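Participant: Submitted below is the structure of interest, expressed as structure tokens.
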Amino acid sequence: MADKITQRNNDKHVPAREDTRSGEHYIRPAVNIIETEYGLTLTADIPGAAKEKLDVNVEKGILTISAPAARTMPGKPVFKEFETAPYYRQFSIPEVLDHEKAEADYANGLLTLKIPKVEAAKPRKIEIRVG
């Protein structure tokens with residue numbers, strides 16, 4: 001199943017959707033995706049995003065994570081090493097995942113999304129009866 005989770009438009013000749021959405025610049029959050037026999041666990045590094053404004057949704061087999069980021073501090077910037085921009089990332093997800101039962105947690109800038117497999121796709125033991 002891991003080979004079915006793909007980033008949108010990985011072809012080098014096609015710009016990523018993050019780059020084609022508008023003239024605004026987006027940051028692609030770092031993501032880890034772990035597969036188990038029960039489903040997927042996705043963690044995304046999204047520091048500076050407010051939980052209330054974080055948007056995670058699945059539509060037509062596409063998982064989208066987006067959030068505006070606000071890092072304002074009083075005073076005049078003298079030196080900056082990281083940029084401030086909204087976060088945006090998309091992935092194709094396989095049909096064997098039950099996105100209706102997905103759960104998301106967000107704490108300390110880390111989004112954790114758990115998407116279980118549909119019951120039919122989960123491994124199960126078949127009982128053998130003596131005939």
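The values are calculated or read from the model by the stated rules, or taken from the named source; none is laboratory data. As the structure is a computational prediction, the values presented were derived from the model and not from experiment. Positions of Cβ are backbone-derived with ideal geometry, glycine not excepted, and every protein chain shown enters the neighbour counts. Quick note on the areas: whole protein, heavy atoms, side chains included, nothing else; ligands and nucleic acids left out. Shrake-Rupley method; radii C 1.70, N 1.55, O 1.52, S 1.80 Å.
Participant: Under a 1.4 Å probe, what is the accessible area of the range 65-131 per residue, stated in Å²?
Facilitator: Heavy-atom SASA per residue in the range 65-131 reads 79 Å².
Participant: From the phi angles alone, apply the Karplus equation (6.51, -1.76, 1.60; θ = phi - 60°) to the range 37-54 and give each ³J(HN,Hα) in whole Hz, x where the residue is Gly or Pro.
Facilitator: 5, 9, x, 10, 10, 10, 10, 10, 8, 10, x, x, 8, 7, 4, 5, 9, 6
Participant: For residue 84 paired with residue 110, estimate the spin-label separation in nm (one decimal), with each label point 7 Å from Cα along the Cα-to-Cβ line.
Facilitator: Rounded to a tenth, the inter-label distance reads 2.5 nm.
Participant: If you count only protein heavy atoms and use a 1.4 Å probe, how large is the accessible surface of residue 55, to the nearest 10 Å²?
Facilitator: 70
Participant: Could you tell me the calculated FRET efficiency between residue 99 and residue 72, based on Cβ-Cβ distance and R0 = 25 angstrom, to the nearest 0.05?
Facilitator: 0.15
Participant: Still on this structure: Report the far tail of the P(r) of the range 19-131, meaning the percent of Cα-Cα pairs longer than 16 Å. Before the final figure, lay out the partial values.
Facilitator: Details: 4175 of 6328 pairs.
When every Cα pair of the range 19-131 is considered, 66 percent fall beyond 16 Å.
Participant: Give 53/114; 51/125; 53/117; 51/101; 51/80 a once-over and call out the pairs whose C-alpha atoms are over 31 Å from each other.
Facilitator: In this structure, 51/125 lie more than 31 Å apart at Cα.
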